[in-house]
1. Any idea how far apart A:A151 and B:Q26 come out in nm if each label point goes 7 Å out from Cα toward Cβ?
2. Any idea what the relative contact order of chain B is, in percent, if you count C-alpha pairs under 8 Å spaced at least 6 apart?
3. With springs only between Cα atoms under 10 Å, which of B:P165, B:P22, B:P179 fluctuates most in a Gaussian network model of chain B?
4. Across the residues of B:71-80, average count of Cβ atoms on other protein chains within 10 Å?
5. Just counting partner chain Cβ atoms within 10 Å, what average do the residues of peptide B:98-108 show around their Cβ?
6. So if I take the centroid of the Cα atoms in the stretch A:28-105 and the same for the stretch B:27-98, what is the distance between those two points in Å?
7. Pop the C-beta distance of A:R162 and A:H137 into the FRET formula with R0 = 45 Å and round what comes out to the nearest 0.05.
8. Cross-link candidates for A:K113: which lysines have Cα within less than 24 Å, leaving aside residues fewer than 8 places away along the same chain?
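What follows draws every value from the coordinates through simple rules; no lab data is involved. Computed from a predicted structure; not experimentally measured. As a convention, Cβ positions derive from the backbone with ideal geometry for all residues, glycine included, and neighbour counts pool all protein chains shown.
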Amino acid sequence: MAGETTAPIEHAPDAAHAAEAVGMPQLDFATFPNQIFWLVLAILAIYYILTKIALPRIASVLAERNGTITNDIATAEELKLKAVEAEQAYQKALAEARAQAQKIAAETRAEIKEELDAAIARADTQIAEKSAESAAHIGEIRDNALISVEAVAKDAAGEIVRALGRPVDDGDVAAAVETQMRGEA
Amino acid sequence: MADEAQGGGIHIDPMHQFVVKPLFGQPGDHVGMLTVTNATLWMAIAVLCVVLLLVVGTRGRAIIPSRLQSIAELAYGFVYKMVEDVAGKDALQFFPYIMTLFMFIVFANMLGLVPMSFTTTSHVAVTAVLALAVFLTVTIVGFVKNGTKFLGLFWVNSAPLPLRPVLAIIELISYFVRPVSHSIRLAGNLMAGHAVIKVFAGFAAIAAVAPFSILAITAMYGLELLVAFVQAYVFTILTCVYLKDALHPGH
């Protein structure tokens, strides 16, 4: 064997040479059957374990993971679609609500306007009535005033004539006053 | 191994770490075929590590994987994709076989970097068996799948006719050299790296160069970690390339 026969040497290259000189353990053919036997056994053991247990297991794990990932992605896509749908529904509802609100507002506005118009019309007629009444009242007052003025003028004229010492005929005085007033008018 | 009595000099024996010896009994005992040796031990540890990673690590079958399960899935995906990309979809039936090779080599390489361990894949006997198994598989698959058309691999149709016989000889030689290069590459890389580390370790006995030596060991160790993975990767991808030749001959 190489180990037992190697002598101590001073330099490394020499040492390597010496080792080669006594033979590399790799070329010790006596150990070949032993190594080959155990190697074949080891390789067969690994091959058996790999094909029976390890590789199918890892393959199934990888396949399962791929399946899970694909499923998760599909689920995510579905949820995303649902979210989009929900958003659309929400937007639609919002638009509808807005339209409804506008409609209600317009209706209310129209109603108010109508009521307002009616109230204005009512107020207008009332005002017109009141003003007509007032005008009539004013006319009456004026007529009354004119009549009073005439009476006062007649009385006054009669008194003046009487004061001048003349016989008074009420009818003449009245006629004269009326003529005078009409002439003035 | 050590002749300390002679003293003074440094004792460097970089090849001693590769000696196959019986685990029980005397170091010099005869190594029979069924003897439990250090090679047996470290191969068993490699098998154990594969089981630990790919079986125990995945026992949760979790959708969200644990760390160990992540690594197992990563290894699975790494090799699966390699087989699919390099050798094609119809090579996936050989995926368990290639996965076995990759897992064994990568664990044997990595375990070889544990101090005081034994690197099973640094032995030509081991790598040659692995490479020969690949060579035989590829050759048999080539003939079973393609019949005599598999020989078209050696007949380069794109070359000028007079050149073809010459090329055929070259192709034939290169085909048969494949298992040699395939196995020597792996064993040689590991053996060289481990021997260099051992040489540097020997120099660490001299106080003057010890710091440099230790630094060099550290650097080499980092490099060896890379080599351990890359060589497993190279072995596997070459297997895929050869398999592709067998399944789809012709250039």
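1. 17.8 nm
2. Working: 264 pairs, mean separation 66.1, N = 251.
This gives 26 percent for chain B.
3. Maximum fluctuation in the GNM of chain B, among the listed residues, is at B:P165.
4. Working: counts 0, 4, 5, 0, 2, 8, 2, 0, 1, 4.
Per residue, the number of nearby Cβ atoms from other chains is 3 on average.
5. Details: counts 0, 7, 12, 3, 0, 6, 6, 0, 0, 1, 2.
The shielding value for this peptide is 3.
6. 25 Å
7. Values: r = 37 Å, r/R0 = 0.82.
For R0 = 45 Å, the calculated efficiency reads 0.75.
8. Within the straight-line cut-off, A:K113 pairs with A:K103.
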